[in-house]
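Structure record follows, encoded as structure tokens.
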Amino acid sequence: MAVTHSKVSAKSDGGDATLVLPTDWNAAHVVAITHAETSGKTANDHHSQSHDHSEGPVGTDIVPTTVRVTSVGDVGLATTTHGLQVGPSSGANLAADDNEIMARNNGAAATLAINADGGDVTVNTSGNAGALALGTATKLKLGHTSFPGSPSTDDVFYRKDLGMWFFYNGTRWLTTQLFRADFVPAINHYNLAATQADAHQLPVPFDHGGSDIWMEDIVYVVWVSGGSALSGSIKWVGTTAKRDAAGGNTTIATATIDSGSINAFQERTVVVDALLGSTYYNFMTTWTKTGGVGNLLYSPHYLTYRIVAT
């Protein structure tokens, strides 16, 4: 802080430079003020003191009515031209410019805690359109009708036009929700004693505005009633296919019931992990009997799937 006097001496300087001369009287003098001397003082008490501390703290005793920082240098991990900083650049600090706030530690990124000890955190409660983005790869972004470019695996995104949450599996966007669609038996095909084609059917599920269906698994729950013990030559085999408009079948899953107990429930899960495609309209399951296996008394199964969007 520099201090000058309002009085100016008209006397000329003498020849002794070791003395305080008349012209020295009005020179800028450096005054040191300790924290103890200023503690408890208000801005008016300090008058027009000017502080220039590049790293050291000013103290907690200056309480102005408003503070405006006009420097708008972009804040980065090691910047020094940004407008506001709490803490030394060589250690943990909080820095800000005109539209960013960043927690740093000696030039490296640090954790920024918001209401670390509790309390609600609100973002854009005005009702105006806006987005919340987390991470450079947009790990979470809300309120848009199209997906972000260059996504990373496991990014999560809400499509407000579809009303669904999606995650990126490294290749495509799939709904976070896993859906289920149940096959139904054809008439009189609840108790199968012999090979039966198209014993169970399922219409292709509705994609709810998506571009395709991602088939995850088909889960078969069966009950073999009586007959010889199950083996490689005594078995039931269920083959599930997707069917196109011309009636052509493409097999997507095969369940082989050749082990386990008879007269008891069994479950087989077959992983599909494939796109359905836009030219298919329903699914059909054919059960094939081999050897002296008992009747297939109970054979419900279902498809698990996710909706694909682009």
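Here are the numbers:
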read-out: Per-region count, segment 263-310, residues of a type in the set (A, V, I, L, M, F, W, C) and crowded, with 18+ Cβ neighbours inside 10 Å; value: 11
read-out: Count of residues meeting criterion [surrounded by 13 or more Cβ atoms within 10 Å (Cβ to Cβ) and among the small types (Gly, Ala, Ser)] in segment 89-108; value: 5
read-out: Of all residues making up segment 146-172, the number that are among the aliphatic types (A, V, I, L, M) and over 22 Å from ASP273 (Cα atoms); value: 1
read-out: Strands (runs of 3 or more DSSP E) enclosed by segment 142-209 - at least 1 residues per element that are more than 23 Å from the chain's Cα centre (by Cα); value: 179-182, 196-203
read-out: Strands (runs of 3 or more DSSP E) (entirely within segment 225-310) containing at least 2 residues that are among the β-branched types (Val, Ile, Thr) and farther than 19 Å from ALA199 by Cα; value: 265-275, 301-309
read-out: When residues of segment 260-289 are limited to those that are of a type in the set (Ser, Thr, Tyr) and within 14 Å of TYR220 (Cα to Cα), the one farthest from the chain's Cα centre (by Cα); value: THR286
read-out: Residue tally, condition of a type in the set (Gly, Ala, Ser), modelled with pLDDT of 90 or more and surrounded by 10 or more Cβ atoms within 10 Å (Cβ to Cβ), over segment 109-137; value: 2
read-out: ASP217 vs. criteria surrounded by 12 or more Cβ atoms within 10 Å (Cβ to Cβ), among the acidic types (Asp, Glu) and outside any strand (DSSP E or B); value: no
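The values are calculated or read from the model by the stated rules, or taken from the named source; none is laboratory data. Remember, predicted model here, so these are calculated numbers, not experimental data. Note: ideal-geometry Cβ built from the backbone for every residue, glycine included; neighbour counts use all protein chains shown.
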